[in-house]
Amino acid sequence: MICDGCGAQNAVVHLTQVVDKEMKTLHLCERCAAEKGLDAAPVQGKFPLTDLLAHMSPDDRSPRASVPTPTCSFCGLTFAGFRETGRLGCSHCWVSFEGHLRTLLRRIHGGSQHMGKVYLSPDPSVSDREKRMESLRRKLRRAVDLEDFERAAELRDELRNMEPA
């Protein structure tokens, strides 16, 4: 199969994307896949879930198990601890274990660069309303502290109007 990107080389990566409920498949050569941030290196066989868990298990007696594992300087979690639980301790763990996690992500997903959607709140106006209400509450407290009761009454009424029914 010929590469959809350059039209010259054989395709080695087959990328299927769903955009706006429409499925589109791209067949790419190694160079075009690399330009899109995809890892075109061949996968060392399929990794079913059991094999993946075996690679992450604490009973792994491979030579790399005797090498000291990195530790997160913020929360103290070791990479061996991550392998036992499958959970990171904090956001700093991503930096501390970057090399190991990048390898793991490549093995699981075939690449380590995000190519998907970004989470958006279902109703972004809800978070905006909450921020506005918190601001009004601060202003109300300040008006009461300053004994500006007319302003405080206006802010109270505005807050009542914003609260959901």
Open item on the list: For a quick check: with amide H placed at 1.01 Å from N, whose amide H comes under 5 Å from CYS6's, ignoring anything fewer than 5 positions away on the same chain?
Closed with: CYS29
TODO: Identify all lysines with a Cα-Cα distance to LYS139 below 17 Å; exclude those on the same chain that are fewer than 8 residues away in sequence.
DONE: LYS131
Task: Amide proton proximity set for LEU26, modelled H, under 5 Å, gap of 5+ - done: LEU15, THR16, GLN17
Task: Relative packing of 31-38, 12-19, which averages over residues the other C-beta atoms within 10 Å, highest first - done: 31-38, 12-19
Open item on the list: Using a Förster radius of 22 Å, what is the FRET efficiency between SER73 and TRP94 based on their Cβ-Cβ separation? Nearest 0.05, please.
Closed with: 0.95
- [ ] Kindly provide log₁₀ I(q)/I(0) values, in the same order as q = 0.23 Å⁻¹, from the Debye equation applied to equal alpha-carbon scatterers of segment 1-42.
- [x] -0.70
- [ ] Would you kindly state how much longer the chain becomes between GLU22 and ASP128 on full extension, computed as 0.36 nm times their sequence separation minus their alpha carbon distance, in nm to one decimal?
- [x] 35.0 nm
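Throughout, read-outs are computed from the coordinates displayed, never taken from laboratory work. These numbers were taken from a predicted model, which means no experiment stands behind them. Every residue, glycine as well, gets a Cβ built from its backbone with ideal geometry; the counts of neighbours run over all protein chains shown.
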